[in-house]
Every structure is written in structure tokens, then in C-alpha cells.
Amino acid sequence: MPKQKNNLLTKILVWRIRYISQKQFIYLVSIMVGILAGLSAVVIKNVTHFIQLLFEGQIIIEYRTAFYFIFPVIGLIIVYLLAKYILRFEPTHGIPATLFAISKRKGLMKQIQMYASLILAPITVGFGGSVGLEGPTVSTAAAISSNLSRLFHLNQATRTLLIGCAAAGALSSIFKAPIAAIIFAIEVFSLDLTLVSLIPLLLASVSANLTSYFFFGNDILLPFTITETFVMSDLPFYILLGVTAGFVSIYFTIIYDKFRQFFESLGSPLKRLTIGALGLGLLIYLIPPLYGEGFDVINNLVQGNPEKALQNNIFHAELTNDWAIIGLLFGLVFFKVIATSLTFGAGGTGGIFAPTLFMGSILGFCVAKVINSIPFLSKTVSESNFTLVGMTGLMAGVLHAPLTAIFLIAEVTGGYQLFLPLMITSAISFSITTYFLPHSVYAMELGRKGDLITHNKDHAVLTLMNIKTVIEKNFISLYPEMTLGEIVHKAITKSNRNIFPVIDKETKELQGIILLDDLRPIMFDQSLYKNVTARELMKSPPAVIILEDDKMTTVMEKFQETQAWNLPVVSKNGYIGFVSKSKLLTAYRRKLIAFSGK
């Protein structure tokens, strides 16, 4: 049977080469990727909402809110057992895992990533995990496109493009916002915006959108039409919202990262599960609006019904009091990122897109409510509009995707009349956040390690290169005790290189280097053969490349700073070899050609 499949695939590939150009084939595959991304979104969304409807809609209503504590704990335990004993796969955060595959695995993703999130994400979110479904949908679609690319023997550049198509398709299907989805793929995955990439992105986004329409009709996550337009007198308040969103984005990113580091330090998955699940269960029991994605809360705020979003508050506060509503809503902003971090820390599968929208909508509503509640301002602003623009501010700050934020809200709501405040708030929030935090939540870990692909093509190409592929080892090593005579007979006469590493005989650590130019004045003076040793002749290299720590960008910087042609490479185990500038530049040119897909 496998042989028949291989024969069929071979026939398809041969037929494709004969009758379809590479460009046309990429267009066809991008449509296929879009449809599959749309189907992934449909499956994840439907299964999750079925679980939520079953538990939150019936059981919790009938059997008290104590189940707000129990369900998240049960869900995370099920995810842990499935991941460990059935799938045998450690859950990964969707978009960061995809970025890692692009930067360090040449866009290759494991087959299990095509279906792991389809199983784990609905259970995590359906049972109350305080995360979103967008990240798992993107990673599922990306894994499908990666494995399709491998099946059709497509190169790395095309594989990366199709992963971007998968991301665009996933987001387009979820929000029915095809333009924002394309921009998201370009901003987050650092794709080049050219005609070569634009057409496949368009095809994937549209085909995913149509797939979503086929299953869901006109239903959308944020059903709202803007009725109040922007007025110039509101401009200072939108600026205030942008500044506030910037600092809340910083809070989100820092808290999320601190919790991630804490859970990583625990080591044991069982410890992480216990602390995370119990912490999340307690938090959702005390604050029920943190249950699940939170789109019901967002829609209630956009519709101007905050009391519906807060009806299960533990303080039993009077919801006719504006300041009580403001206080409770600010509490949701404060605790949402903690609930999200606990979900991830316990091993849950999800994304941060929905929590960002959740916090942004509440922040925008609160800012508007505060403005409307201060008597001396004698000014009324649209709470619905501020709710929408608040989402833009948080998305721009947390995700570092300001254009995605602008077009997503504009497309979903048809609110192009809010374009100016969307742009202002997004730009301010993004500027403040990036001033303090250079990398988004998605890219933070990769950025720290220097493994992040960016729109800077030189940096991107260097990131994709592997230092081990350019190390040369055909150098004859010397020992400090070797005499000049031994150096001449055992090294110079047998080597075709003009540099010699001097290493410790026992530890193999690099002690220094000797250049052939330094030996030429004395190498023919036989009276020095027994009197001069390598220790006296060696000198320190201009710089040393550390295999475990130095990225290719760092290596290139060392060559530029020292103007050297060869630099030694060392590791924990001692001397390894040399990297030459000429070989490095040759490898760079080849990778640049492959990266550009030319």
C-alpha cells in the first residue's frame, strides 16, 4: 500500500512538472492550504463551543458556580494525560512554535502538530482555560502547509510562504477579515510583501474565508456595526487611550513572561499542572468572566451592556453604580493575563490573541466610562467605539502588529469611519511598548536568543544559517611545549593552511594561535629549532567564536570588528576548528538565494 501511494505521488509530481508551472502550482497549493486552514478553524471552534455550551450553559447553571473551579482543573488534567500517554507530544504555544520552525527548522513541522492542537485546544478552552483558539488554529494550519510542502518537494522559501498562507487563512476564517489576515501573516511572520507572495496570500485568505462562510454563514465573532462616528473633540481621549494601552501591553508582556519563567523553573510537569490548574480554577471560581475565551464579555461591552458581563461578580456589587462597574472591569484587566499565564503554565494549549482582545475591549470601555463619569469634563464619548479602539491598542502593543490591529477592527465592524482613532491609538501603543520591549510575546524567547526572523533580510538570512556548516577542521593543532623544529616538520610541511591553533594537550582548550607570517623570519634558522617553543610564538586570537552562545549575527559582527579572515571556534569541550570569512560569505550568498526563492 505505501508503495502504491509513493507511485501515485510520483505520477502527480511528474504530471505537475510537465503541465503546470511552478507559479501556478503554488497558487493551487495556497488555495488548498486556505481551505484546510478554514476547515481547521471550523473544527476547533465548533468542538470548543459545543463543550462550553454543554458545561457552562447547562451544568453550571443547574449545579452552582463551584463547577467554575472544577472544570478548568479537569480540562487541564485531561490535556496532560492525552499529551503524555496518547499523543506523546509536549504541547507548544502555537505561533511561537511556528516562528521557531521557520527560523531553526527550515519551516519543517512535525506531523503530529497537524492534529495535536485540534484535540488539545478545544479541551483546554472548552473546559474554561483562559486562552484563545487563534494560536492553535494558526499552528495547525501551518503544520498542514509545512507537511504539504514537504510532500510536494517545495523549497524552503516556498514552504515559508505557504506557512504564511496558512496563518492568513486561519485568521481570515476565524474573524472573516481577509485583509487583516494577510497583514497579520506579513507582520508576524516577517514575509516580504511582493507580487510573488501577495497572490498566494490573497488566494489562501479568500478560500479560507469562503470555507468559513460555507459552514457559519454570516455569523461573526464580533457582530457590531458602528453607528457613532469619530469627532475631533474626542482626539485627546483617544491619545490617552493609546498611552494607557501601551502601558497595559507592557504589563501583559512582563507578567506573562514572569509566569512562564516561574513555571519553567519548576521542572516537573506534574508540579506545573498542579499549581497552574488549582490556581486557574480558584481564579475562575472567584471571577467567572475569566472562563474561556471571553468573547461574550467583549460583545456585551460593545453592545453597551457591562452589567451582563459582570453579573456573577463575587462582591455582589451594585451594577447601577458606574464606579463599581469601572472597578470590577479593571480587575478583569488585571487578572486576565494571570489566568492566561496559569493556563499555559499548567500545560494548556491555546493562544494569546483572544486574551489580548478581551483586555483591550475592557480597557477601552473603562477609559470611556471614566471620562463619562467625571462631572467637570462635561464630555460624553462613545463607550462602544472606545471598546473597539481599545482592542486595537492592546493588539498593537502585545502582538507588535499595529496594522493587523487597525484592519481587523475596521473589517470586522465595518468601522472604516473609525480609521483615524484606530491608527492613532495603535501607533501610540505600539511605540510605547516597543520602546521598552523590543519583542512581542510571540517572539520574545526567539528574540532573546537571536533566532528571530525579521523584515531585515540580512539579519533573517544570518538567523537561518547554521554555524556548524561553516566550521573548517583541516588545521594542524600545536601544543605549547612543541619546539620550533617540531612545528616546522610536523605542521608547516604538512599543512596547506597559514594558521595553527595552539591547544592544551590534556584539556584541548585553545591557548592561542600562530600565523605562518610570524614563523617565516625564523623557520629556516636551525639554531632556534630546539630553543624556541610554541608557547613563546603564540598570540591571542583577535576574537573567539563560542559555539553554544554565538549566533551567526554575532559571528559576522566579530569579523567586522576584528577585520580577521579566520576566527577560532571553541565549545565547552575545547577547540573545534575555524570559521573563515570567505566560506561564511559564500554560505551567506547561497542562503540568500534560497531564502529569496530565486
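The values are calculated or read from the model by the stated rules, or taken from the named source; none is laboratory data. Every value quoted in this text rests on a predicted model; they were computed, and no experiment measured them. All Cβ positions, even for glycine, are placed from backbone atoms using ideal geometry, and neighbour counts span all protein chains on display. Areas reflect the complete protein model, heavy atoms only, side chains present, ligands, DNA and RNA absent. Shrake-Rupley method; radii C 1.70, N 1.55, O 1.52, S 1.80 Å.
For region 265-423, what does the alpha-carbon gyration tensor say about shape, rounded, prolate or oblate, given a ≥ b ≥ c as the root eigenvalues, a/c under 1.5 as rounded, and a/b over b/c as prolate? It would help to have the intermediate numbers written out before the result.
Values: a/c = 2.55, a/b = 1.39, b/c = 1.84.
Oblate is the answer for region 265-423, as a/c is 1.5 or above yet b/c matches or exceeds a/b.
Between ARG497 and LEU515, what is the spin-label point distance in nm, taking each point 7 Å from the Cα along the Cα→C-beta axis?
Calculated label separation equals 1.6 nm.
Which label marks the calculated value of percent of Cα pairs over 45 Å apart, given the options [x] 19; [y] 48; [z] 29?
Answer by label: [z].
Relative to the longest principal Cα axis of the chain, at what angle does helix 2-19 sit, 0 to 90 degrees, rounded to 10?
The helix 2-19 is inclined about 90 degrees to the chain.
Between PHE376 and ARG105, what is the spin-label point distance in nm, taking each point 7 Å from the Cα along the Cα→C-beta axis?
5.9
Leaving out ligands, DNA and RNA, what percent of the accessible area of region 137-220 is carbon and sulfur, probe 1.4 Å?
70
Roughly how many percent of the accessible protein surface of region 508-590 is carbon and sulfur, given a 1.4 Å probe and a whole-percent answer?
49
Count charges around ILE499 for me, please; just the other residues with Cβ under 15 Å from its Cβ, Lys/Arg as +1, Asp/Glu as -1. Each step should come with its number before you reach the end.
Working: positive: LYS473, LYS494, ARG497, ARG520, LYS539, LYS581, LYS583; negative: GLU472, ASP517, ASP518.
Once positives and negatives cancel, what remains is +4.
Hey, rough spin-label estimate for GLU228 and LEU28, points 7 angstrom out along Cα→Cβ, what's it come to in nanometres?
Placing both labels 7 Å beyond Cα along the Cβ direction yields 5.3 nm.
Would you mind classifying region 158-263 by shape? Square roots of the alpha carbon gyration tensor eigenvalues, ordered a ≥ b ≥ c; an a/c under 1.5 is rounded, otherwise it is prolate if a/b is larger than b/c and oblate if not. Don't skip to the answer; put the middle values down first.
Values: a/c = 1.81, a/b = 1.26, b/c = 1.43.
Taking the square roots of the gyration eigenvalues as a ≥ b ≥ c, region 158-263 is oblate.
Once you keep just the Cα pairs under 8 angstrom separated by 6 or more residues, what percentage relative contact order results for region 341-393? Don't jump to the answer; show the numbers that get you there.
On the way: 50 pairs, mean separation 21.7, N = 53.
Reported relative contact order: 41 percent.
Full extension from ASN573 to ASP504: what is 0.36 nm times the residue separation minus their Cα-Cα distance, to one decimal in nm? Display every interim value, and only then the final one.
Details: separation 69, 0.36 × 69 = 24.84 nm, distance 1.16 nm.
Additional length available on full extension: 23.7 nm.
With just the Cα atoms defining each centre, how far is region 407-438 from region 343-357? Give it in Å.
Centre-to-centre (Cα) distance: 22 Å.
Between ASP525 and LYS551, what FRET efficiency follows from the Cβ-Cβ distance if R0 is 30 Å, with the result rounded to 0.05?
Numbers: r = 44 Å, r/R0 = 1.47.
Plugging the Cβ-Cβ distance into 1/(1 + (r/R0)^6) gives 0.10.
Given a Förster radius of 60 Å and the C-beta distance between PHE262 and GLN563 as r, what FRET efficiency does 1/(1 + (r/R0)^6) yield to the nearest 0.05? Please list the in-between numbers first.
Values: r = 45 Å, r/R0 = 0.74.
Between PHE262 and GLN563 the formula returns 0.85.
Could you sort the peptides 498-506, 331-339, 156-164 by per-residue average Cβ neighbour count (10 Å cutoff), highest mean leading? Before the final figure, lay out the partial values.
On the way: 498-506: 17.8, 331-339: 21.1, 156-164: 25.1.
Going from most to least packed, we get 156-164, 331-339, 498-506.
Placing unit charges on C-beta atoms (Lys and Arg positive, Asp and Glu negative, everything else neutral), compute the dipole magnitude of the chain about its Cα centre in debye, rounded to 20. Spell out each step's value before the answer.
Details: 48 positive and 36 negative charges, 544 e Å.
Taking the Cα centre of the chain as origin, the dipole is about 2620 debye.
Quick one: dipole size for region 51-152, taken about the Cα centre, charges +1 on Lys/Arg Cβ and -1 on Asp/Glu Cβ, in debye to the nearest 20. If you can, show how the numbers build up before the last one.
Working: 8 positive and 4 negative charges, 124 e Å.
Dipole size: approximately 600 debye.
Using a 1.4 Å probe over the heavy atoms of the protein chains, calculate the carbon and sulfur portion of the accessible area of region 280-394 as a whole percent.
Working: 2140 of 3620 Å².
Result for region 280-394: 59 percent of the exposed heavy-atom area is carbon or sulfur.
A 20 angstrom limit on the alpha carbon distance is what I want to check against. Which of LYS551/LYS581; LYS84/LYS258; LYS468/LYS591; LYS473/LYS508; LYS110/LYS551 exceed it? Write down the numbers at each step before the final one.
Details: LYS551/LYS581 15 Å; LYS84/LYS258 25 Å; LYS468/LYS591 14 Å; LYS473/LYS508 14 Å; LYS110/LYS551 25 Å.
Pairs exceeding the cut-off: LYS84/LYS258; LYS110/LYS551.
Taking only protein heavy atoms and a 1.4 Å probe, what accessible area per residue, in Å², does the chain have with all protein chains in place? Intermediate results must be reported in sequence, preceding the final value.
Working: 26650 Å² over 598 residues.
Value for the chain: 45 Å² per residue.
At 0.36 nm per residue, and after removing the present C-alpha to C-alpha distance, how many nm does the segment from ASN155 to ILE476 gain when stretched out fully?
Details: separation 321, 0.36 × 321 = 115.56 nm, distance 3.78 nm.
Working it through step by step, the gained length comes to 111.8 nm.
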